[in-house]
């Protein structure tokens, strides 16, 4: 049987009219069809259907950490499919790849986070964390302890519950389980500090958490969920010490701490997990996805503490949660190969050097008149553009500054992600110093080009 997929632009775009793209203006796609057809990839680059070679500055979508077309992972997937193509980790069934990956993930996770549930997306990982905690509290006789504290600017996914935990801007005009969620203040000092010192701003954020808990009642709150560095909300870095202080307040009120490491884990910040190594906390749950397989297969993990697992696995109950593809053999084989590759090449350790070079190279763009803030860490950077640096006044949405700069960068050979007045960079973790310099030069030229039109 021959199965060939056409890769020329016209054929792909003719077929593509049947495809619904995520987070796209579907009406605009109908009108102008402005789409990039990515046909193949290698290392830190992708190629489009017009023959352009582009630096993958967004790593697929925060996820292709080890780079594209790594044969070690491809061969592991192929070998697994040739051995056991599929069997679910349902009921009393397991299989070698899922068991081995669970053990490996638990060994890398901090402290007592030793139990792992696999699914296929970060959204489902976060939904799973909440469902587990609801069940946990039911089993402890605390049926009212169900609310979730999130933050303005957060991104935790797009399923019905995960989108409720996400900052409201991502669900405008859509329904969600928002009755379960309360959003705390954004921890973005540069934008929200209001003239106080960063230390004073941190005190205000902690006070906001405490007053919210007291107002809602700690007996109603199951968890606080937070990304170590906010991703799709604009790459927001909280003040130093924020996570440790928030975790201490949560612990005092018997509120579980969920660390959403869907983006920040698997080397992006220079460690397999960032929660403890970079931010000094041992959460009750870590959720992760993306870099777990470097995007070669869809896989996520919800990693819970022994204490939570002891309650939900006790006698007299069934774990009534599951997905057909949880622990898929090919996906878990990809995860094992991906981690083995990272360990063999010491990729997280390498990122501690190259990631800092990348961060510093992009922060040098702050000398440009419209660059208000370059923020983030290592290979997770956001560049926010402003109309007036003195006041941080933003451009209006119809000026589409982020999009214009992304388009100018793509013409020069770099894919970057526009988000309103922000440009996001989350490249593969295998960049060389030469590639880093090239990205910085492309961005400087692209920003300068757009500045002339404003």
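The values are calculated or read from the model by the stated rules, or taken from the named source; none is laboratory data. The shown structure was predicted, so the numbers you read here are calculated from the model rather than taken from an experiment. Note that each Cβ is placed from the backbone with ideal geometry, even for glycine, and that neighbours are counted across all protein chains shown.
In the set (1) out of contact with any helix residue (DSSP H, G or I) (no Cβ under 7 Å at 6 or more places or on another chain); (2) closer than 13 Å to residue 446 by Cα, residue 394 fails one condition alone, (2). All of (1) in contact with a strand residue (DSSP E or B) (Cβ under 7 Å, 6 or more places away or on another chain); (2) in a helix (DSSP H, G or I); (3) surrounded by 24 or more Cβ atoms within 10 Å (Cβ to Cβ) hold for residue 362 with one exception: (3).
Which of the residues belonging to the range 269-296 are assigned to a loop (DSSP other than H, G, I, E, B) and closer than 11 Å to residue 122 by Cβ? Quick ask: steps written out before the conclusion?
Of the range 269-296, the ones assigned to a loop (DSSP other than H, G, I, E, B) are 269-284, 289, 293-296.
Matches in the range 269-296: 289 only.
With respect to the conditions (1) in contact (Cβ under 8 Å) with a residue 60 or more places away in the chain; (2) part of a strand (DSSP E or B), residue 266 falls short on a single one, namely (2).
Tally up the residues in the range 445-454 that are in contact (Cβ under 8 Å) with a residue 12 or more places away in the chain and out of contact with any helix residue (DSSP H, G or I) (no Cβ under 6 Å at 6 or more places or on another chain), please. If you could, list the steps in order and put the result at the bottom.
As a first pass, look at the range 445-454 and keep what is in contact (Cβ under 8 Å) with a residue 12 or more places away in the chain: 445-451, 453-454.
With out of contact with any helix residue (DSSP H, G or I) (no Cβ under 6 Å at 6 or more places or on another chain) added as a condition, the list becomes 445, 448, 451, 453-454.
Residues in the range 445-454 being in contact (Cβ under 8 Å) with a residue 12 or more places away in the chain and out of contact with any helix residue (DSSP H, G or I) (no Cβ under 6 Å at 6 or more places or on another chain): 5 in total.
To keep it simple, each residue is scored yes or no on (1) under 20 Å from residue 66 (Cβ atoms); (2) surrounded by fewer than 24 Cβ atoms within 10 Å (Cβ to Cβ); (3) at pLDDT 95 or above; (4) not assigned by TED's automatic domain parsing to the domain that holds residue 250.
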position: 277; (1), (2), (3), (4): yes, yes, yes, no
position: 286; (1), (2), (3), (4): no, no, yes, no
position: 290; (1), (2), (3), (4): yes, no, yes, no
position: 301; (1), (2), (3), (4): yes, no, yes, no
position: 315; (1), (2), (3), (4): no, yes, no, no
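Residue 110 fulfils the conditions (1) assigned to a loop (DSSP other than H, G, I, E, B); (2) over 19 Å from residue 243 (Cα atoms) except for a single criterion, (2). Applying the selection to the range 398-432, what residues are assigned to a helix (DSSP H, G or I) and farther than 28 Å from residue 228 by Cα? The answer is 398, 399, 404, 407, 408, 409, 410, 411. Selection of helices (runs of 4 or more DSSP H) fully inside the range 1-89 by the criterion of at least 3 residues being surrounded by fewer than 10 Cβ atoms within 10 Å (Cβ to Cβ), over 26 Å from the mean Cα position of the chain (by Cα) and outside the structural domain of residue 427 (by TED's automatic domain parsing) returns nothing.
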